[in-house]
Each structure stands twice: as C-alpha cells, then as structure tokens.
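Inspection log for the structure reproduced underneath, given as structure tokens.
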C-alpha cells in the first residue's frame, strides 16, 4: 500500500534528481533544458492564488531554458491521493493564456482536482512565472512551446521512476491546450502521454486567420470559413456570431511576444508564412499519436476565435492519427470549459480523465 504523504515528498525530490528513463534524442534534449530550483511550502506561489485543495499539496520550482529562449521558471503544485490509496496515474493541468495562474483558482476546476485525487490520481498544476508566462522571450512560438514539452518530459521521468505501471496524462484549457498541442505536433510528446485532453482549443491550431485584418486579400474568405466551420461543429450557433480574430491587446500581442528575441511581429504584420510555420498545425507536423488518447472538449457557447482556429488541427488529428481520439461539444458551456459556472465542463473533464487516463505505452 502507498504511504502517499512520504511518497509525494519523495517523488518531488525525484524531480530534483532529473531521473532519466526515456532514451530518445528528443527526450534527452528536452530533459537537459530543466534544472531543479527548490521544493517545499515556500515554493507554492500563494501570491498567485491560495492553496485550496482538500488534500496536502507539495510544491516545486524548476528553471527551464530551451534553445532560442530566455530562462523561465515553472511552478508545480503536486497533490497526491490519500495514504493507503493505490496510485491510478499522474495528470498535468494547465491554465489558459500565458499560463501564469493555477488551475484550482476557481471552484468548478477545484472540484475536478479534488475528485480525481479522491479517485487515486496524482494531480500536478503548472504555473509559469510572470510577466508573459511561456509566451514571451523566445525566437518563435515553437521555441517558446519547447518549455512545456521540456517540463512534461522532466516530470514524466520522475513519475515513471515512481511507478512505471501508472499512466501519465495532461490537460489544458485555451492557451494550455495550445501548449499541449505543440507538445504533440512539434515536440513528439505523444511518446510519453497516455492521454491528451484539450479544452477550449487549441487557439493556436492555425494562427493565420486570427491575425488577418480587414483589407488583407484573404480576410473576407477567412470570415466566411470561420463562421461556417464553427457553426458546422455546433458551436456559437445563430443568432450568435463567432469572433474570427485574436484580441489585439491579448492573444495577438502574446503571439508576437514569442518572437521578441528576434524582433519579429508576425501577427501584427500578417506574415502568413511565419504564422503557418509556427502554428500547432504546421507543415510537417506530427499528427499520428498511436499510443495517446487525444480528446477535445469545446463549449457550445464559446464564440471566441479559438474555436475556428482550432478546427483544422482537430480535423487533421482525426484524419491522420492511428490512436484513439474523441471530440465533444458541451451544452451551456463557454470558452473556459474547466471553470464554466454550470460545471458541465468541469464534470466532463473529470469524467474523461478518470475513464481514459489509462496506460497505453
């Protein structure tokens, strides 16, 4: 039987050792990007939000330095199942935007985490340091996304060393789903993930349309495609009209900030080639995840541009992946699927992870 309190602390310590259990060149390179900073209550980043989960949480701080980026700190809140409970798996949780907040911040998401801990899962929330989170101080969006791929590779080494028979899964909403999409399509992390659950996105699935401005030759055609493709999936139905562009002072600026080390602003300048090359769905993207259950949960009431911008990647996964996949549109649910007040999204996330976070590798 597991003594979870000591195992959680010991497992967090294993993170500091950088235990390497995967030997591919990609995994080795990503592992090398991460160094241990510290562990314990002082690293819980309660200035972001207080600890609110029902079970004890252990906190870790890591430094991540990918090629073509500046160093970035990642904070982890690790909550294990109760003592005497058999570990069912480890799940990483990511928030949206630049990822600088904790998943447990709002009550519906908190219920997701508490339910899964009670079911025997170890839940790990990640938060990136402010300002900018993972979405700045890089030479490209793909370079910036290396940070999350490195983080989950590093955590996987410790999780696998702790129990190689327990599944390893991840979920993220909006910008958090974009991190997860990049981890699969650009960084080959289908090699370690047994399940990838993307909610409210990924909004960087195909970035070109979101950056097009009135007057651009492709703009009118994109508006037609945006409305028709979104509503064809049962999202943002009439009389509502979906947004088709990134918010200028939020998502658009964040995309450009991932190029700030080279002084480029592809969203503002509508650089089609650069945007295509740095989307989740890019030429040469890995779209076959034979050992990863890939699931997408969208909100029926989500009228953000994230919906139209994610659909091409979702379709490409369904057409190319030989592994299991799923797609669902949730009624009475908006963009923040994990925090929607009606909690339909929160329940769907908890149920999907409990049912499908099973060993596949």
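The values are calculated or read from the model by the stated rules, or taken from the named source; none is laboratory data. The structure presented is a predicted model; accordingly, all values stated were derived computationally and were not measured. Here the Cβ is made from the backbone with ideal geometry for all residues, glycine too, and neighbour counts use every protein chain on show.
When residue 144 is tested against (1) farther than 22 Å from residue 338 by Cα; (2) more than 16 Å from the chain's Cα centre (by Cα); (3) not in a strand (DSSP E or B), just one condition goes unmet, and that condition is (2). Looking for something more than 30 Å from residue 273 (Cβ to Cβ) and either surrounded by fewer than 24 Cβ atoms within 10 Å (Cβ to Cβ) or touching a helix residue (DSSP H, G or I) at 6+ places or on another chain (Cβ under 9 Å) (or both) - is there at least one such residue anywhere in segment 129-144? Yes, segment 129-144 has at least one match. Number of residues in segment 147-189 that are assigned to a loop (DSSP other than H, G, I, E, B) and either modelled with pLDDT of 95 or more or crowded, with 24+ Cβ neighbours inside 10 Å (or both) equals 5. Among the residues of segment 324-342, which ones are modelled with pLDDT of 95 or more, assigned to a loop (DSSP other than H, G, I, E, B) and crowded, with 16+ Cβ neighbours inside 10 Å? Those that are modelled with pLDDT of 95 or more, assigned to a loop (DSSP other than H, G, I, E, B) and crowded, with 16+ Cβ neighbours inside 10 Å: 333, 334, 335, 336. Starting from residues that are part of a helix (DSSP H, G or I) and at pLDDT 70 or above, keep the ones in segment 12-51 and report whichever is surrounded by the most Cβ atoms within 10 Å (Cβ to Cβ). Residue satisfying both the conditions and the ranking: 30. Among the residues of segment 52-80, those that are assigned to a loop (DSSP other than H, G, I, E, B) and within 20 Å of residue 176 (Cβ to Cβ) comprise 52, 53, 66.
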